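Comments concern the structure below.
The values are calculated or read from the model by the stated rules, or taken from the named source; none is laboratory data. None of these values were measured; they are calculated from a predicted model. Positions of Cβ are generated from backbone atoms using ideal geometry, with glycine treated the same way; all protein chains shown enter the neighbour counts. Please note that ligands, DNA and RNA were not included when accessible areas were found on the heavy atoms of the full protein model with its side chains. Shrake-Rupley method; radii C 1.70, N 1.55, O 1.52, S 1.80 Å.
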Amino acid sequence: MDVAVSAARVAIVDDHEVVALALGALIDAQPGLEYAGRRATVTELLARGPRADLVVLDLNLRDDTQPAENVARLTAWGAGVLVVTSGENPYLVRDVSRSDALGIVRKSAPVDEIGEAIARAARGEPIITTEWAAAVDADADFASAPLTDREREVLALYASGLGAKAVARRLHVSENTVDDHIRRIRLVYQRLCRPANTKVELYQRGVEDGYLPVPTQR
Amino acid sequence: MSARAPSTELRVARLLTIAGGVVTLVIIVSRRAVVPDPRALPWSYTAPVLAGLLLAVLAAARAPWAGREEVRLLNRLAVVGHLAPLLAVAAGSAAGALPRDVTRLPWTLSTIALPVTGAALGWGTTGSCAVLAVAVGTVRLGRLGTGQHDLTSTANDVQAAATSVVLIVLVAALLAAARDHDRAVAHAFTAAERTATERAVRAAHRRTQALVHDEVLATLFLAAHGAPALRDQIAAKAARCRRLIREMTATPGSVPVPLSDLVERLRHSAEEVGAELLIPAGLPRLGLPAEAATALAGAARQALINSRDHAGDGARRRLALRAGTDGVRIVVSDDGVGFDPHRVGPDRMGVSVSILGRMSSIEGGDADVSSGSGGTRVVLAWSRPEAESVAAMRPAGHLGTGLPVILATVALTQMVLCVLAGDWVSYIGLAAILVGLVVMGWRRLEPPTPARTAVVLLVSVGASVLPLLRTPHGYGEAWYLTGAAFVLAGLATRGRPLTALAGTVLATAVGGACVVLRPHPEAAATLVRPATTAAIASLYTLAIQRMQRSTTAVRGRELASLRERAWARTRDEELRRRSRFLDDVIGRTLDLLAAGAELDADLRGDCVALEGRLRDLYRGGRLARQPLVDAAMAARRRGVDVVFLDDAPGHHLAEDTLDAIAHWMRGHMDRVGSGRFTGRILPPGRDALASAVTSEESTLFRG
């Protein structure tokens, strides 16, 4: 995909100013990208701007909003969304994987990897990471999804930490073929596993997954 | 647990011991009035008897401070004090060795229900049955020796035996109910402590997680990746992290927040969104736990903001507060666009869930969100934790086969006395007693209905006029008066003690009037004994009811305080533990950053490694264990991007297996010099347990 003629504007929604300090500089350092500014919540960004082509969204905001809901509001606003995570529970990652976000990136990933992910997301490309693949691969709801054996193999290899090149090498196929598989897996996942409708549902899924302590009767 | 109130069983045992002593005292004091006998017994004979009986009074005086074992011992002594003179008299009588002027058994010794009850408390049901048998035999033997074969002494002994049987059953049921209650309370206490502990661990976890996620990871991230020009900001952030980690152990709940502080915060929030504030004058001086105050203020603010954002233009909103000494209630309402709580967009549901979540995470917190076409109403409540779960003691549930025993004993003994008396008035008396027993209804042991109670009252009080129909020659011929008193006693123990007491007063007054109209010998005994029987049963039931209420209240307070203490203790322990952990892991690095140290490659490497180390606690799950932790720190310092994923969190893996995985994974990680290393526990059902993937190789652990 071609790089846009005018620089793509990237905004950050994160309630940590310090993260924006580091990420903002990283965005400005990427050719063709322009850091538009930071807001603490999605509501604030939608109300006050700045306009952005891509929003780098923190997975776990402190305003009690839900990741998938934030993605939906931002995509409806017309922006692409790349989610960054501090390594939270996979059920949050799964929730956002069911949404239209372009991908999920660890904040602790190497800087150049984050920079590249932002640049590619600004071009509208999906970002496939180990975090995404592991969360989807381990989703019990997805175990019976209509995937081919090869697609399952691709997902498992991604989830184990291999990149697209290594997966292609391992399966003796081209990288494009691997990308095709991944595109279909994402689509099936988004279609089959809808985002949690409510925070309660999300919470229940977390409990079922064993990532949250089961509430006990008082 | 320290300073817990005495067990219910001990309280019941003490109460019964005291009651025994009081009744004994009444008998000692009133013996002359009850049996006005011109042929007074010699003091050499009555003094040891009185001394023996006094043991029961002394036991009662000591009982309020005695433990369970001591109460048992006191009752045994009282039983011996009663039985010893009785046995002496019987033996003397059998051997024909009684003094000449002793013509009868002292009446006070024939009140065998007292030693029988004492035996039930001192040795249990079997012991009390044995004492009953011995006492009945001895009394009869004593009568034989003193030549008492009249109806009065027989009626006295039969009624005493009947009373004893009833008491054996009731005492056993009471003690069983008390033990059951103690078990239920112990269970409630254990459950409360466990729940409070779990909640405290969660609260500590939430707080630590928030601190690590919101402050520490962000600071380490900035230090690892931020420009050198940001050094001052990084130093400030690091100093803040250091302070927050230290302050984790300061307990926010230890200092109560005055209600006025909460009101100020609510006023501020209401002004912020233009809501009307309704706060009644003269609020109580109330201190809330800091966490409750924070939750209430936060939830109220959230509800107000939610209303401002969603209720639509022109909606009016108000915040009303009510406070009592034991709780606070806040209602945030508006008349704007409501929503169906079952069909809402995630944004509004998210807010209501977070309001509910906030309130449910504190002890005694509750919240309710309702909405419709008339607007939205959010109710937030906090009440001082009360022990609603302490169930009352239920003696009736422990009667079992004792109930038919009681009914059969009372009915049969009264029939026997009726036949022995043999006169037509006795048959009317028996009919009244049986009607009373039947009408009370025994299928369900709840208080009889008002109509049934009225009938029972009518027949038992009505029996008092029978002496007018045929003047009795003594206590024996008026046996039915004590029988009617049994019916009143039954009414009292079935939960109508006040009615029974009123009936007793009425029956005694009617009986007294009859005695005035038709005087007869032993009139005092025919009045005092039934009155005492019914009055004791009534007062006794009242005492038990009162004890039940006070026990429930005491247990409630204890439970609430236990919960609070267990919660606070565990939370403090957990926070200290987590604070120490954070201090150990990142304290030194934060100090360096806070001091404005130069962000050289080493320090940045440390920050990357430590950030990963903390992150592993969440997503790494069971892989956050030694020797992987140290190996991962080293690898991250070398520049390796280490990712740990535990994707089988609900799936049990033995500790040995996890250790084996950790050692195996470490071997692979140690060989990586750069690039990425991903260690993963695979989801269940795969053909391997774990995988280790580097940029060059990928291997599986199959166990």
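Somewhere in segment B:606-618, is a residue surrounded by fewer than 20 Cβ atoms within 10 Å (Cβ to Cβ), in a loop (DSSP other than H, G, I, E, B) and not hydroxyl-bearing (Ser, Thr, Tyr)? Within segment B:606-618 (the criterion being surrounded by fewer than 20 Cβ atoms within 10 Å (Cβ to Cβ), in a loop (DSSP other than H, G, I, E, B) and not hydroxyl-bearing (Ser, Thr, Tyr)), the answer is no, since none of the residues qualifies. Taking segment A:16-51 as the range and being away from chain B (no Cβ under 13 Å) and either β-branched (Val, Ile, Thr) or not in a loop (DSSP other than H, G, I, E, B) (or both) as the test, the residues that pass are A:Leu33, A:Glu34, A:Tyr35, A:Ala36, A:Gly37, A:Arg39, A:Leu45, A:Arg48. Screening the candidates B:Thr678, B:Thr699 for the property of being among the polar types (S, T, N, Q), more than 9 Å from every other protein chain (Cβ to nearest Cβ) and outside any loop (DSSP other than H, G, I, E, B) yields one hit, B:Thr699. Annotation note: of B:Val22, B:Val26, B:Val80, the sole residue that is modelled with pLDDT under 90, open to solvent by 20 Å² or more (accessible area, probe 1.4 Å) and part of a helix (DSSP H, G or I) is B:Val26. Would you check if there is a residue in segment B:311-325 being part of a helix (DSSP H, G or I), touching a Leu at 6+ places or on another chain (Cβ under 8 Å) and of a type outside the set (A, V, I, L, M, F, W, C)? Within segment B:311-325, not a single residue is part of a helix (DSSP H, G or I), touching a Leu at 6+ places or on another chain (Cβ under 8 Å) and of a type outside the set (A, V, I, L, M, F, W, C). Regarding A:Leu45, is this residue open to solvent by less than 10 Å² (accessible area, probe 1.4 Å) and either touching a Phe, Trp or Tyr at 6+ places or on another chain (Cβ under 9 Å) or not assigned by TED's automatic domain parsing to the domain that holds A:Val19 (or both)? The answer is yes for A:Leu45.
B:Ala196 passes every criterion in (1) in contact with a helix residue (DSSP H, G or I) (Cβ under 7 Å, 6 or more places away or on another chain); (2) at the interface with chain A (Cβ under 10 Å from one of its Cβ atoms); (3) under 28 Å from A:Asp63 (Cβ atoms) apart from (3).
With respect to (1) farther than 19 Å from B:Lys237 by Cβ; (2) open to solvent by 10 Å² or more (accessible area, probe 1.4 Å), the lone exception for B:Asp583 is condition (1). Per the listing B:Ala485, B:Ala524, the residue uniquely closer than 25 Å to B:Val438 by Cβ and part of a helix (DSSP H, G or I) is B:Ala485.
Report, by residue number, each residue of segment B:293-319 that is open to solvent by 70 Å² or more (accessible area, probe 1.4 Å) and more than 40 Å from the chain's Cα centre (by Cα). Across segment B:293-319, the qualifying residues are B:Arg308, B:Asp309, B:Asp313, B:Gly314, B:Arg316. Of the residues in segment B:517-531, none is among the hydroxyl-bearing types (Ser, Thr, Tyr), more than 27 Å from B:His149 (Cβ to Cβ) and open to solvent by less than 30 Å² (accessible area, probe 1.4 Å). When only residues in segment B:641-673 that are at the interface with another protein chain (Cβ under 10 Å from one of its Cβ atoms) and more than 51 Å from the chain's Cα centre (by Cα) count, which is modelled with the highest pLDDT? If we take residues in segment B:641-673 being at the interface with another protein chain (Cβ under 10 Å from one of its Cβ atoms) and more than 51 Å from the chain's Cα centre (by Cα), then B:Val642 is modelled with the highest pLDDT. Beta carbons closer than 7 Å, at least 6 apart along the sequence or on distinct chains, pair a first residue in segment A:149-164 that is facing another protein chain (nearest Cβ under 8 Å) and at negative phi with a second that is of a type in the set (D, E, K, R) and open to solvent by 10 Å² or more (accessible area, probe 1.4 Å) for A:Ala156/A:Asp137; A:Leu157/A:Arg170; A:Ala159/A:Asp137; A:Leu162/A:Arg170. Within segment B:188-219, the set of residues being open to solvent by less than 20 Å² (accessible area, probe 1.4 Å), over 22 Å from A:Ser86 (Cβ atoms) and hydrophobic (A, V, I, L, M, F, W, C) comprises B:Ala188, B:Phe189, B:Ala192, B:Ala196, B:Ala200. Filtering segment B:682-693 to residues that are more than 8 Å from every other protein chain (Cβ to nearest Cβ), over 15 Å from B:Pro649 (Cα atoms) and not acidic (Asp, Glu) leaves B:Ala688, B:Ala692.
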